[in-house]
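The values are calculated or read from the model by the stated rules, or taken from the named source; none is laboratory data. All of these numbers come straight from a predicted model, not from anything done at the bench. Here Cβ is always computed from backbone atoms with ideal geometry, including for glycine, and neighbour counts include all displayed protein chains. For accessibility, only protein heavy atoms count, side chains too; no ligands or nucleic acids. Shrake-Rupley method; radii C 1.70, N 1.55, O 1.52, S 1.80 Å.
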Amino acid sequence: QVQLVESGGGLVQAGGSLRLSCAASGSIFRVNAMGWYRQAPGKQRELVASITSGGSTNYADSVKGRFTISRDNAKNTVQMQMNSLKPEDTAVYYCNTNLRRTGQPFDMYYWGKGTLVTVSS
């Protein structure tokens, strides 16, 4: 079994900051890319940021310069620092990772349950 547990969501005023964290645990052989997606009410889930095991990052245009993704490969964790938050950043944020479980010959994607971020104007 593999679990992704997110933390760090909450309510913040526009212009404020939040830091999301996600920890992958279980019978993990290797963690590949990790990332954050978000889904606002009535909208499709979208990629916010991702990071490879080598540290290469990718950001949605809407968050470039405001969000920073990082990871700790030794702890199988990924974090996202969110600064200058805007009301349009309000969404449920989901951790996503591509990994290989111990004893499996293939990689799979896993999702966390999500954490709510609400930005008030």
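Structure values in brief
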item: Loop-located trypsin sites (Lys or Arg not before Pro) in segment 30-121 whose Cβ has at most 16 other Cβ within 10 Å (DSSP); result: 43, 45, 64, 66, 75, 113
item: ³J(HN,Hα), Karplus 6.51/-1.76/1.60, whole Hz, each residue of segment 26-42, x for Gly, Pro; result: x, 7, 9, 8, 7, 9, 8, 6, 10, x, 10, 10, 9, 9, 8, x, x
item: log₁₀ of I(q)/I(0) at q = 0.17 Å⁻¹ - segment 4-121, Debye sum with one point per alpha carbon; result: -0.78
item: Point-to-point label distance, residue 53-residue 27, nm (Cα→Cβ direction, 7 Å offset); result: 1.9 nm
item: Probe 1.4 Å, accessible area per residue of the chain, Å²; result: 54 Å²
item: Segment 99-121 residues near the modelled residue 3 label - backbone nitrogen below 12 Å, point 7 Å along Cα→Cβ; result: 113
item: Cα pair distances of segment 51-102 binned at 10 Å [whole percent]; result: 19, 52, 24, 5, 0
item: Percent carbon-and-sulfur accessible area, segment 1-110, ignoring ligands, DNA and RNA, probe 1.4 Å; result: 48 percent
item: DSSP beta bridges in the chain [antiparallel fraction, %, rounded to 5]; result: 90 percent
item: Label-point separation, residue 83 to residue 120 (7 Å along Cα→Cβ), nm; result: 2.4 nm
